[in-house]
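Each remark here refers to the structure printed beneath this line.
The values are calculated or read from the model by the stated rules, or taken from the named source; none is laboratory data. Remember, predicted model here, so these are calculated numbers, not experimental data. Cβ placement follows ideal geometry from the backbone for every residue including glycine, while neighbour counts extend to all protein chains displayed.
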Amino acid sequence: MRFSQLCADARLGRVELSGDAEVRRVAMDSRRVQDGDCFVAVRGTATDGHRYIASAVAAGCTAVVCEDPTAVPPGIARAVVADTRRAAGPLAQAVLGWPCRKVRTVGVTGTNGKTTFTYLLRHVLNAAGRKCALLGTIIYDTIARKLPAGTTTPSPVDLAEMMAEAVQAGAACLVMEVSSHALDQHRTDGIELDVAVFTNLTGDHLDYHGTMESYLAAKRRLFESLPAAAAAVLNRDDPHADAVAAATAARKLWYGLSPAAEVCARIESIDATGSRFGLRHGGREVPVRTSLIGRHNVVNCVAAAAAATALGLELEAIAGALGEVGCVPGRLERVAVAAPFDVLVDYAHTDDALQNVLSALLPIKKGRLILVFGCGGDRDRSKRPRMARVAESAADHIIVTSDNPRSEDPMAIIQEIMTGFSERGRQRVLIQPDRRQAIAAALQAASDGDIVLIAGKGHENYQSIGGRRIHFDDVETAEELLRAGKIWYNSSP
């Protein structure tokens, strides 16, 4: 493709174009540039891509998209734009023939529930015979291959290339998680969604966004660019959904537990084996029996049902597929080693997510609820005492430990968490900064009929400590300790 044609196809707005060349790919990282690439020089928070234009040219790039042309060597085609970050996505899609237009694409954003939603919807679509790729927090599954996810939402170039790979592999649909960071950084610009889904908004990432207003504004961006023919699937139970709805011209489909929602659920029962509810839409109700536990997971099921409805699936097919879904990795995942008590691992790392999970477990516990949790370092500090208050309100025994302390002192994080406990609540708290020892202490404290919840890291298989990533997996650790055979001491003889 000629560089001039690429810039025209990407609809970049006002462009100062100088020279022309044949281009094969788009790159944003000079270390990944190949012969014939177009290099997009993006200004980041840590570095400026304009500093690496010479390196990109040396690696074989034939064209550069930039904001400042002074670093572009003579003889190299260039396009000067106002914002290269906004240009990168459309360029990456255009050079590959707009793969986002060749699949039905669903993007989901919100504080909690995104990962479970994507797993549910992918299963429903696959069960209906629509091959579905998935890009999210846990995995990038293009159908052609599965890769561990590096970030919830990849770079614009990686997104476009994985979409193209999914199309080549025969995908009919693609469902992706869209983080607020990605929206703020324009990583999904250029992707034309068929369906955008809003789950909820609660306090998180304020270390990045600063205020809830800025956080909400980032989430709204996913909906602002939707065409009228697309669908905005919105949570009727969330107070921020109206503000999201006001941002879009797309047709709106409301879901939730509220009977006012177009797609809603009538909960029949929730117990240790799963949830039963009636799925309602269009004046009809069909029964659903899922192994997923908790009201929040019923809402996740209804969100997936609403998105599937927007894509044209029938209610009976949706309900049947939801009943077949197994555990989502790291989301109330049961540790599969026999013990006289239950051990569950969950990704809950916000106060709202922790409240949802604890609320799901309280009605089904036969003994005590033992909680292990911590808070990540270099992240929103305001949620630390809030998570303590949630823990105190529901758990019988609490072990506060390290999550991913990153560059912070683990004990300093723990002390901030402890400020959220009342004087009486602190009597039920054990501090153990070593996460493995904390899990061991929880298992040792457990008796017949208890539930041990290990919260915060879910599917993650590492801990980030002092700038290093070390292998650590909550499920694996609990399994190892339980298989040691003599980990519990309080069970009945």
Restricting to region 292-335, what's the tally of residues that are among the basic types (Lys, Arg) and within 18 Å of VAL106 (Cβ to Cβ)? 0
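ALA87 - would you say it is more than 28 Å from LEU216 (Cα to Cα), in contact with a Leu (Cβ under 6 Å, 6 or more places away or on another chain) and modelled with pLDDT of 95 or more?
no
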One residue is enough: does region 263-271 have a residue meeting the conditions at pLDDT 95 or above, at negative phi, surrounded by fewer than 22 Cβ atoms within 10 Å (Cβ to Cβ) and acidic (Asp, Glu)? yes
Using the structure shown, decide if ARG295 is closer than 24 Å to VAL390 by Cα and in the same structural domain as THR111 (by the TED database). yes
Among the candidates GLY170, GLY150, single out the residue that is assigned by the TED database to the domain that holds CYS132, assigned to a loop (DSSP other than H, G, I, E, B) and free of Cβ contacts under 8 Å to residues at least 12 places away in the same chain. GLY150
Conditions (1) without any contact (Cβ under 8 Å) to a residue 12 or more places away in the chain; (2) in contact with an Asp or Glu (Cβ under 9 Å, 6 or more places away or on another chain); number of the one not met by VAL390: (1)
Given (1) surrounded by fewer than 17 Cβ atoms within 10 Å (Cβ to Cβ); (2) touching a residue at least 24 places away in the same chain (Cβ under 8 Å); (3) under 19 Å from ARG24 (Cα atoms), index of the condition ALA58 fails: (2)
In region 1-14, what residues are at pLDDT 95 or above and not in a helix (DSSP H, G or I)? MET1, ARG2, ALA10, ARG11
Just the residues that are in contact (Cβ under 8 Å) with a residue 40 or more places away in the chain, touching an Asp or Glu at 6+ places or on another chain (Cβ under 9 Å) and assigned to a strand (DSSP E or B), please, taken from region 255-286. TYR255, GLY256, LEU279
Is it fair to say ILE139 is surrounded by fewer than 24 Cβ atoms within 10 Å (Cβ to Cβ) and closer than 25 Å to ALA230 by Cβ? no
